[in-house]
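Notes for the one structure printed next.
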Amino acid sequence: MTQANAQPLYDTYNRAGLRFERGEGVWLITEKGDRYLDFAAGIAVNSLGHAHPHLVKALTSQAEKLWHVSNVYEIPGQEKLGQRLVNATFADKVFFTNSGAEALECAIKTTRRYHYVNGHPERYRIITFEGAFHGRTLATIAAGGQAKYLEGFGPKVDGFDQIPFGDEKALKAAITPETAGILIEPVQGEGGLRPVTEESLRSLRKICDEHGLLLLLDEVQCGVGRTGKLFAHEWAGVTPDIMAVAKGIGGGFPMGACLATAEAAKGMTAGVHGTTYGGNPLAMAVGNAVLDVVLADGFIEHVRDIARLFKQGLASIADRYPDVVSEQRGSGLLMGLKCVVPNTAFIEALREENLLSVGAGDNVVRLLPPLTITEDEAREGLARIEAACERLSVVNKKKSA
Ligand SMILES: *Cc1c(COP(=O)(O)O)cnc(C)c1O
């Protein structure tokens with residue numbers, strides 16, 4: 001047996017050689033004491049930054065009382081968070097999970113069961129879009145449809161029909177008597193920060209209503225305030241039947257949720273679905289604490305104000321460094337820069353300026369600061385992004401030479 005690599009972890013990640021020891025708000029601090037401005041936020045997870053006092057208190061005080069009981073018993077924190085989500089959204093029903101992919105699995109199963117209990121078990125297929133990302137389970141890689149995530153994992157789970165992004169004709173052609181629903185991210189995260197226009201989201205709603213399909217939204221990345229609304233679909237003034245949420249809702253604690261109307265969830269009766277850890281008291285304490293902050297007066301307005309500042313700053317950067325950045329994209333604080341240079345080179349240049357970012361498809365760099373970022377921190381971030389562009393810009397290098 002050859003031992004090519006002695007480290008004990010799966011080699012599934014090409015990790016950056018950074019070792020963080022602690023976080024303070026939008027800052028991450030390495031073991032050596034270097035400070036980084038965190039515009040990756042654990043991939044849109046640390047919505048309230050690191051070590052937010054209200055979250056720390058919620059988690060530690062719950063940790064002293066009770067961690068886990070299982071869903072065999074009533075869990076007051078779950079009822080409270082569920083009711084708050086119902087009050088704040090289109091939904092009547094909530095199922096708590098540990099992750100985004102599990103929230104999507106629940107959304108997919110809820111959709112299939114809805115048609116099943118309506119007497120249409122043949123309606124199980126879900127239409128999805130190219131460039132989508134819905135997670136890494138067997139069903140969610142099939143839903144996402146990206147070859148790089150499907151390769152080598154056996155037969156693709158059946159029941160997903162993928163069509164080009166923004167192609168209404170293809171969409172209408174893809175609807176068959178077996179179609180159960182349409183699943184879409186209001187803003188594609190991994191796919192490269194492509195927002196669905198408000199008009200097409202409204203049109204999707206209409207098509208679903210006309211064909212008796214359920215509209216499933218994946219707001220795992222764009223939800224919980226990130227776009228400057230509590231949920232991104234609110235911009236379009238339409239509501240889904242089912243929505244998957246995760247990432248920002250836990251502020252760093254692993255949790256997710258599947259929200260549905262009572263009608264859509266009617267097939268999800270006792271015993272048909274479950275989770276051991278989902279909705280555990282620790283997660284619920286943190287989830288409730290996140291909502292305390294996000295739903296407080298002025299918080300969403302703050303997100304919009306900061307987003308405006310970034311929009312102007314990034315537009316100016318894209319203008320001045322056309323050989324590095326071709327376009328800014330996204331919605332609210334779910335921001336992207338479409339790169340001219342390889343996005344990996346841009347991410348590295350940003351890291352040289354002690355700013356953390358995340359790559360996305362379509363050669364985009366994602367900028368996802370905690371929603372709590374201040375104006376001063378945003379300006380500091382813009383200055384670092386500009387400095388990274390300066391490093392990479394051939395044109396400007398020539399000028400100064
Ligand atoms: C991250 C993500 C998922 C998967 O969430 P996990 O918690 O990694 O399972 C699904 N959909 C979208 C849009 C995401 O950004």
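Nothing in this text is a laboratory measurement; each read-out follows from the coordinates by a stated rule. Keep in mind that this is a model prediction, so the values were computed, not measured. Using ideal geometry, Cβ is built from the backbone for each residue, glycine included, and neighbour counts are taken over all protein chains shown.
At-a-glance table
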{"quantity": "Given charges at beta-carbon only (K, R positive; D, E negative), |dipole| of the stretch 305-378 in Debye", "calculated": "260"}
{"quantity": "Long-range amide H partners of residue 367 with built H, under 5 Å", "calculated": "335, 336, 337"}
{"quantity": "Cross-link reach list, lysines versus residue 172, counting only Cα pairs under 17 Å and skipping chain neighbours closer than eight places", "calculated": "206"}
{"quantity": "Dipole of the stretch 66-294 [Lys/Arg +1, Asp/Glu -1 at C-beta], most positive-end residue of 257, 283, 188", "calculated": "283"}
{"quantity": "Residue 273/residue 169 FRET efficiency (R0 51 Å; Cβ-Cβ; nearest 0.05)", "calculated": "0.90"}
{"quantity": "Cα long-axis angle, helix 375-392 against the chain (0 to 90 degrees, to the nearest 10)", "calculated": "70"}
{"quantity": "Electrostatic dipole magnitude of the stretch 66-294 [Cβ: Lys, Arg +1; Asp, Glu -1; Cα centre; debye, to 20]", "calculated": "140"}
{"quantity": "For the stretch 299-316, 3J(HN,Hα) per residue [Karplus equation, 6.51 cos²θ - 1.76 cosθ + 1.60, θ = phi - 60°, Hz, x = Gly/Pro]", "calculated": "5, 5, 4, 4, 4, 5, 4, 5, 4, 5, 4, 5, 4, 5, x, 6, 4, 5"}
{"quantity": "Over the chain, relative contact order from alpha-carbon pairs under 8 Å, at least 6 apart, %", "calculated": "22"}
{"quantity": "Cα gyration tensor category, rounded, prolate or oblate, for the stretch 142-262 with a/c compared to 1.5", "calculated": "oblate"}
{"quantity": "Long-range amide H partners of residue 228 with built H, under 5 Å", "calculated": "333"}
{"quantity": "Dipole axis of the chain (+1 Lys, Arg; -1 Asp, Glu on Cβ), positive-most option in 359, 223, 69", "calculated": "359"}
{"quantity": "Segment residue 54-residue 12, extension gain: residue separation times 0.36 nm, minus the distance between their alpha carbons", "calculated": "11.7 nm"}
{"quantity": "0 to 90° range, to nearest 10: angle between helix 343-352 axis and the chain longest Cα axis", "calculated": "60"}
{"quantity": "Efficiency of FRET between residue 29 and residue 92 - r from beta-carbon atoms, R0 41 angstrom, step 0.05", "calculated": "0.40"}
{"quantity": "Only Lys, Arg (+1) and Asp, Glu (-1) charged, at Cβ; the chain dipole about Cα centre in debye", "calculated": "280"}
{"quantity": "Mean separation of Cα contacts under 8 Å (6+ apart) over length of the stretch 160-232, as relative contact order %", "calculated": "30"}
{"quantity": "Length released on extending from residue 210 to residue 198, taking residue separation times 0.36 nm less the Cα-Cα span", "calculated": "2.5 nm"}
{"quantity": "Cysteines in the chain that, by Cβ-Cβ distance, have no pairing candidate under 4.7 Å", "calculated": "208, 222, 339, 389"}
{"quantity": "Burial ranking of peptide ranges 365-378, 48-61 (average Cβ count within 10 Å, highest at the top)", "calculated": "365-378, 48-61"}
{"quantity": "Sites residue 297 and residue 122, calculated FRET efficiency, Cβ-Cβ separation with R0 56 Å, nearest 0.05", "calculated": "0.70"}
{"quantity": "Extension gain, residue 63 back to residue 147 (0.36 nm per residue minus Cα-Cα distance, nm)", "calculated": "26.1 nm"}
{"quantity": "Kirkwood Rh, Cα atoms: Rg over Rh of the chain", "calculated": "0.97"}
{"quantity": "Protection proxy ranking, peptides 305-316, 132-143, average beta carbon neighbours within 10 Å, highest first", "calculated": "132-143, 305-316"}
{"quantity": "Shape category assigned to the stretch 200-298 from the gyration tensor of Cα positions, a/c cut at 1.5", "calculated": "oblate"}
{"quantity": "In nm, spacing of pseudo-spin labels at residue 239 and residue 348 (7 Å Cα→C-beta vector)", "calculated": "4.9"}
{"quantity": "With Cα atoms, 0 to 90° folded angle of helix 198-211 axis to the chain main axis", "calculated": "20"}
